[in-house]
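As C-alpha cells, the structure follows; a few thoughts come after it.
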Amino acid sequence: GDGGQSKEVVVFFSDIRGFTAFSEKRKPEEVVAMLNEYFAVMVAIINRHGGVVDKFIGDAIMAIWGAPKTSDRDPHNALRACIEMRRGLEKLNEARIARGEPALMIGMGLHAGTAISGTIGSDERMEYTVIGNTVNTASRIEASTKAFGADLLVSDDVIARVGENFII
C-alpha cells in the first residue's frame, strides 16, 4: 500500500442493540432488509456531513472525519452527524413501528486524536483505513454506551475541539 501518514481524525462507531438476538429470531432476508434500510439512512447522514464510511462490521458502522481529507470543521461535522443520526433513527423507527416491526436502538461513540491512515492489506485485497489507539478508543467508547444506557458518548477530546458550539 502507500506509505501511510499520521493524521488528526475523528472516529465514529455505532452498533445496533440486541442485534445478535434480533438476527437469530428472524429470516435472513428480513435481517438483510433491516440492515440495508438502516445503513441507507445512516450512511446518507455521514456523507452529508463530510464523513467517510470506513467499513461495516456486521451491524456496526465505522466512519471517519479527517482522512483522506482534513478540515478544521471535522469535529463539529462529526458531532452534528451523530445528532442527525439520532433524528434519522427516530424517523426510521416510526416507519418500522407503522409496519409492525420493532424499533431499533443504537449506541454511538465519537473520539478524536491522531491515527495512522493508509492503504492496508495484501496484493489480493487492499483497503484505505485508519488504525491506532484513537480508533481502538472510539470503539471502546461506543461499547461503553451500553453500561451508561446512552445512545451517544463523546470523548473529552472531541468536546475540547468543538468549543461552545454544542450543549454537552
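Some values worked out for this structure:
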| item | result |
| --- | --- |
| Whichever residue in the stretch 45-56 is in a helix (DSSP H, G or I) and in contact (Cβ under 8 Å) with a residue 12 or more places away in the chain and, among such residues, is nearest to Gly88 (Cα to Cα) | Ile45 |
| Counted residues, the stretch 37-51 - those being among the aliphatic types (A, V, I, L, M) and open to solvent by 60 Å² or more (accessible area, probe 1.4 Å) | 1 |
| Some residue of the stretch 35-43 being under 17 Å from the mean Cα position of the chain (by Cα) and under 19 Å from Glu127 (Cα atoms) | yes |
| Considering residues of the stretch 12-36 that are among the aliphatic types (A, V, I, L, M) and part of a helix (DSSP H, G or I) only, the residue surrounded by the most Cβ atoms within 10 Å (Cβ to Cβ) | Met34 |
| Checklist (1) assigned to a loop (DSSP other than H, G, I, E, B); (2) without any contact (Cβ under 8 Å) to a residue 12 or more places away in the chain applied to Gly3, failing item | (2) |
| Residues that are among the hydrophobic types (A, V, I, L, M, F, W, C), under 12 Å from Leu110 (Cβ atoms) and either open to solvent by 50 Å² or more (accessible area, probe 1.4 Å) or part of a helix (DSSP H, G or I) (or both), drawn from the stretch 146-168 | Val158, Ile159, Val162, Ile168 |
| Selection from the stretch 34-43 of residues that are aliphatic (A, V, I, L, M) and either touching a residue at least 40 places away in the same chain (Cβ under 8 Å) or over 19 Å from Ser14 (Cβ atoms) (or both) | Met34, Val41, Met42 |
| Tally, over the stretch 91-127, of residues that are closer than 23 Å to Leu35 by Cα and open to solvent by less than 80 Å² (accessible area, probe 1.4 Å) | 15 |
| Some residue of the stretch 61-74 being in contact with a Pro (Cβ under 8 Å, 6 or more places away or on another chain), surrounded by fewer than 21 Cβ atoms within 10 Å (Cβ to Cβ) and modelled with pLDDT of 95 or more | no |
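The values are calculated or read from the model by the stated rules, or taken from the named source; none is laboratory data. Keep in mind the model is a prediction, meaning the values are calculated, not measured. Note that we place each Cβ from the backbone using ideal geometry, even for glycine, and neighbour counts take in every protein chain shown. The accessibility values were calculated without ligands, DNA or RNA, using every heavy atom of the protein model including side chains. Shrake-Rupley method; radii C 1.70, N 1.55, O 1.52, S 1.80 Å.
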